[in-house]
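The values are calculated or read from the model by the stated rules, or taken from the named source; none is laboratory data. Treat the numbers as computed from the prediction; the structure is a model and nothing was measured. Reconstructed Cβ throughout: ideal geometry from the backbone, glycine too, with neighbour counts over all protein chains shown.
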Amino acid sequence: MLAALAGVPWTLAAQRGVPPAQSKGLPRAESRGPAPGASRIQFADVTARAGIGFVHKSGATPEKRMFETFGSGVAWIDYDNDGFQDLFFVNGVPGSPNALYHNNHDGTFTDVTARAGVEGSGAPGSPAAAAAKTGAAVGDFDNDGYLDLYVTALGPNTLYRNNHDGTFSDVTASAGVGGPPTEWSTSTGFLDFDRDGDLDLYVANYLDYRVADNPYCGQAKEGYRMYCHPTMFDGVADRLYRNEGNGTFTDISKQAGIANPAGKGLGVAFCDYDRDGWTDIYVANDTVRNFLYHNTGKGTFVDEAYRAAVGFDLNGRPQAGMGTDCADVDGPSTRQADNGLPEIFVTNFSEELNTLYENRGDGLFEDVSAKAGLGSGFLPLGFGTKLFDADNDGDLDIHVTNGHVIDNVTLYRPTLSYAQKDLLYENLGGGRFRDVTAEAGAALQATRVGRGLAVADFDNDGLLDVAISSLNQPAVLLRNTGARAGNWIMIRAKGRKSNAFGLGATVTIETSEGRQVREINNVASYLSSNDIRLHVGLGAAKIIQRIEVAWPGGTKQVLTNVAVNQILVIDEP
Amino acid sequence: MPAGFRTLVCAAFVAWQAAAPSAPIQERLERVRAELYSRTDRLAENVTELKQILALDPRSADAHMLLGIAYSTWGSKELKGEAIGEFRQALDLNPRLVEVRFFLARLYLDLGRAGRAREELDAALAQTPGNPEFLALLGEAERQLKNPRRAIEVTRQALQADPSFAPARFYLALALLDASQRDEGIKEMEQVVRAGAPVADAYLALGSAYVEAGRTADAIATLSQGLRVDALRPELHIALARAYRSKGLLEKADAELMLGKPKRSAMSDSSDYPYQQVELDFYLERGMIKLQRGQLAAAAEAFKKVLEFEPAHEAATRELAEVNRRLRAKKPGGAR
């Protein structure tokens, strides 16, 4: 339909009847724009005002069981298709309830967990009740137009199918995606790796860890016991489940070539790094090299980490990878440095730089972390992260939430701290960054034990907001209150031959400011899932001259002269 | 990681990107294998070469195994995890590479994971029954798992298969000492040391056994010999200090002990069990020397330090009580 109407400036509400671009009655207590001397990127903590009362529970004990310190994720999911992103928090300690908050369209949320049936506490005595829950993925696995939810755990994972009435059903058993009951799964995401029109499922696995076999680590002095180094445990191979299109999945990890037992996966990101049309997978592993699974297009993957030089840091050492994302940070293409290809960003342990691998375009990446201006990430221990355009100036900024894994770290290293500040980097253009954390508002001066982080425009005002899940602490919702440096567009893809939300589609946007190549993809960060719509900052462009959508089903669709500052629904022809 | 290694890795990668070597992969693997098994001065180059091979063939089980060996030889803790990963990937790609299980077991033992080491060695022995190398290492795993009888049994099996296999004798000696068969243990360990094995642990174990047996002159000679093998091992200095103390050479003991003072560095090092044990042994010996020299305050401080590490430490508790008794006795009207 849209192709036929190409050339017509698109206005959201008129064409598709989806909600207006901004929520009504949104509180405006935060002033828009920066104070003098501050960054134009500003965030305000609106958690309390929004009615988000979720508090993560880790179940921390003096035994320092490993799962207690890795936290849980957060996911944005418009589960009722009302055009506003709802918010789901995973809870940690076995038996603790997850939380689903419905977006009321006025800046507030309502806890609908019990009605929705996604508590995930498990029936007493069941394996689910003993599961320590970790990550969340959002995707429409049955292509019914409603987003489903997958929750990972140290223990059985859970697939919740959306019933279209505000409730979900646990279909894990019939779908066959529960995984072994002792496996420690972490970050996860839906992708259509074989481009057959339905969403497959990737699950990263961490350590071969048994609660009953928990070694003592740290000094043997009272109060000095610490969480063990991951070297004390073996890794566990990740899993890839192929969607059979009938509500069931098949575990094809081994045949697909992603079942590497060396992995200690914590973060997962999907992107087509060589733009061959097939979604690739990047896995951030903890203390062992990272994996870059190149999709061969034949149902298999080849780990190209050695060839592409994305497995290690600049010195050839493995790092403690936590969260990750993959997107083009040196765009738009009018800038000399940009080749339109996605870079890879990984958050790492304290006293390791967060790593930015620049995509050189010849199959090789270069570690440019230090020269990109990311040096302030050396001391903090990074977890959740997202590359997104926080100020709509047309390039991607970086948010990292931090927090150490060793709660008594100051006993060992007085210069380090358990709770830490987030890091916010403004992209100065061409993939060169400036740390603007100190200037970005009071909300970013708070310390937390940050773990999951997910980005979405929850109030549909064209600026991306941030939700953070902190270990054993209240969750935080950060509303983006910065000054818009430019216009924007938000694209909600509706697949027909492709999967229903267009995951994996490549979108090329051309304006007077240049060309941006982006992907529709909600999988990145740590244990978390982002807005499934594609947000693109447009800078000073007043109109989008051309949008090209390369759908995973193979169709190419072109729209021209598209109006800015709207949420655009694009139907696959 | 030494700074030179970084430079070498980076330089080698740049060179490789400019012009990839054209020799066939198998030939390159054999060259690296020969180097890894015969010398340690080209580790950085070997690592780079193996990474290049894996860039060309990510599923080469041999390359993953050799990279694991290179990382293990490098010896840093951060690379041990990576070495285990490489070994596990190698085994996953080619389960017939039974020697990988041996390398894995050795790493697990280094990390104090004797149970996992035993699993790997059991699996290896199921593939190649009676292999003396696997049996010897299994003996050591059993010893670390506090099964000295079983350790003696399997190390003897290893020696039966190959009587000249020195590691089996070394592990047998350790097991005998653990099983309180001191004289037999000493005899076996003397054979190892006499054969000139460049293993500091053999000298340490034998020297300590001599001290226990009251043979302080032999202990001093053996431990001094051990320090010629590895002068940086604090355990040898601590054991030698103990030998001097046993002979009444308290000043010499004090000086020797200071050479063995563990250096606290990064958090990971200081939290390692072996490091903690050395620190504990150091303070215990310090307390003993100070006590015998009549330096009661210093002795008390040292014993308290031991009790910080291990609140129920029997010897430290006993000796601290003795120190306190003497301190009370020194006070006017203190002892009754």
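Within the stretch A:516-535, the set of residues being surrounded by fewer than 24 Cβ atoms within 10 Å (Cβ to Cβ) and either at pLDDT below 95 or of a type in the set (A, V, I, L, M, F, W, C) (or both) comprises A:Val517, A:Leu534. A search for C-beta distances below 7 Å between a residue of the stretch A:215-226 that is more than 8 Å from every other protein chain (Cβ to nearest Cβ) and on the phi < 0 side of the Ramachandran plot and any residue that is among the basic types (Lys, Arg) and part of a loop (DSSP other than H, G, I, E, B), counting only pairs 6+ apart in sequence or on different chains, returns A:Arg225/A:Lys64. Restricting A:Thr47, A:Thr69 to those that are touching a Pro at 6+ places or on another chain (Cβ under 9 Å), buried (at least 18 other Cβ atoms within 10 Å of the Cβ) and not small (Gly, Ala, Ser) reduces the list to A:Thr47. For the stretch B:215-255, taking the residues that are touching a residue at least 24 places away in the same chain (Cβ under 8 Å) and part of a loop (DSSP other than H, G, I, E, B), the one that is farthest from B:Ala195 (Cα to Cα) is identified as B:Lys247. Within the stretch B:98-123, the set of residues being within 12 Å of chain A (Cβ to nearest Cβ) and of a type in the set (Phe, Trp, Tyr) comprises B:Tyr108 only.
Given the criteria within 14 Å of chain B (Cβ to nearest Cβ), in contact (Cβ under 8 Å) with a residue 40 or more places away in the chain, in contact with a strand residue (DSSP E or B) (Cβ under 9 Å, 6 or more places away or on another chain) and more than 19 Å from A:Gly95 (Cα to Cα), does A:Val177 qualify? Here the answer is no, as A:Val177 does not meet what is asked.
Would a scan of the stretch A:316-329 turn up a residue that is of a type in the set (D, E, K, R), crowded, with 24+ Cβ neighbours inside 10 Å and at the interface with another protein chain (Cβ under 9 Å from one of its Cβ atoms)? Within the stretch A:316-329, none of the residues are of a type in the set (D, E, K, R), crowded, with 24+ Cβ neighbours inside 10 Å and at the interface with another protein chain (Cβ under 9 Å from one of its Cβ atoms).
Can we say A:Asp140 is surrounded by 19 or more Cβ atoms within 10 Å (Cβ to Cβ), under 21 Å from the mean Cα position of the chain (by Cα), free of Cβ contacts under 8 Å to residues at least 24 places away in the same chain and closer than 22 Å to A:Ser498 by Cα? So A:Asp140 does not fit the description; no.
Candidates B:Thr73, B:Thr48: the one that is at the interface with another protein chain (Cβ under 9 Å from one of its Cβ atoms) and of a type in the set (S, T, N, Q) is B:Thr48. When the stretch B:278-323 is filtered for residues that are over 24 Å from B:Lys263 (Cβ atoms) and of a type in the set (S, T, N, Q), the ones remaining, listed by number, are B:Gln292, B:Thr317.
Taken together, the residues in the stretch B:190-213 that are in a helix (DSSP H, G or I) and over 21 Å from B:Tyr244 (Cβ atoms) amount to 4. Being surrounded by fewer than 23 Cβ atoms within 10 Å (Cβ to Cβ), modelled with pLDDT of 95 or more and in contact with a Pro (Cβ under 8 Å, 6 or more places away or on another chain) is a property that A:Arg289 lacks.
All of A:Arg289, A:Arg275, A:Arg307 fail the test of being farther than 28 Å from A:Trp184 by Cβ and either acidic (Asp, Glu) or within 12 Å of another protein chain (Cβ to nearest Cβ) (or both), apart from A:Arg307.
Among residues of the stretch A:105-121 that are closer than 21 Å to A:Thr152 by Cα, those with a beta-carbon under 9 Å from a residue that is surrounded by fewer than 16 Cβ atoms within 10 Å (Cβ to Cβ) and modelled with pLDDT under 95 at least six positions away or on a different chain give the pairs A:Ser121/A:Ala129.
Only one entry in A:Arg533, A:Arg484, A:Arg496, A:Arg479 is in contact with a helix residue (DSSP H, G or I) (Cβ under 9 Å, 6 or more places away or on another chain) and farther than 19 Å from A:Glu343 by Cα, namely A:Arg479. Of all residues in the stretch B:124-166, those that are within 14 Å of chain A (Cβ to nearest Cβ) and aliphatic (A, V, I, L, M) total 1. The single condition from (1) farther than 29 Å from A:Val476 by Cα; (2) free of Cβ contacts under 8 Å to residues at least 40 places away in the same chain; (3) more than 14 Å from chain B (Cβ to nearest Cβ) that A:Arg360 fails is (3).
Put simply, of A:Ala454, A:Ala541, A:Ala485, A:Ala475 the only residue that is of a type in the set (A, V, I, L, M) and modelled with pLDDT under 95 is A:Ala485.
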